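Quick notes on the structure that follows.
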Amino acid sequence: MIPALVLTVGPNTLRGMHMRVRGLKRNEFAWSIRWVGPLMTRMVGRVPTPYTAMAHSPRTVFAMTAANAILEGLKHIPDGLKRLVCLRAAQLVGCVF
């Protein structure tokens, strides 16, 4: 079992896993990270749950966004491999996409 998740059944659950940290709604984001909502919606169609949970700590959002930008900017790694690594990391942490 992943330590950050608790197995439950009910609202706000996904395949029986419930996040311990309640994600913030876009209107609850700190002013310094309000740009994340429209950016993520444009990139993936919605704001992913990890970003709503990380919104409790704007520093974490900045660090995660910087890490993703660096990964996307690497030109010596093939795009297919980058996507595969991201997909595998998402599988390891229980992400649905």
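I need to check one value: relative contact order of region 24-92, counting alpha carbon pairs closer than 8 Å and at least 6 residues apart, in percent.
Normalised by residue count, the contact order of region 24-92 is 25 percent.
What does the charge count around GLU72 come to, taking other residues whose C-beta lies under 12 Å from its C-beta (Lys +1, Arg +1, Asp -1, Glu -1)?
Net local charge, GLU72 excluded: +2.
If I stretch the segment between ARG83 and ARG34 completely, what's the gain in nm (0.36 nm per residue apart, minus their alpha carbon distance), one decimal?
Contour length minus the Cα-Cα distance gives 15.0 nm.
Net charge around LEU39, counting only other residues with Cβ within less than 15 Å of its Cβ (Lys, Arg = +1; Asp, Glu = -1)?
+3
If you wrap a convex hull around the alpha carbons of region 45-97, what volume per residue comes out, as a whole number of Å³?
In region 45-97, the Cα hull volume divided by residue count equals 91 Å³.
All of the numbers you see were taken from the coordinates with simple rules; none came from a lab. Remember, predicted model here, so these are calculated numbers, not experimental data. Ideal geometry is used to build each Cβ from the backbone, glycine not excepted, and the neighbour counts take in all protein chains shown.
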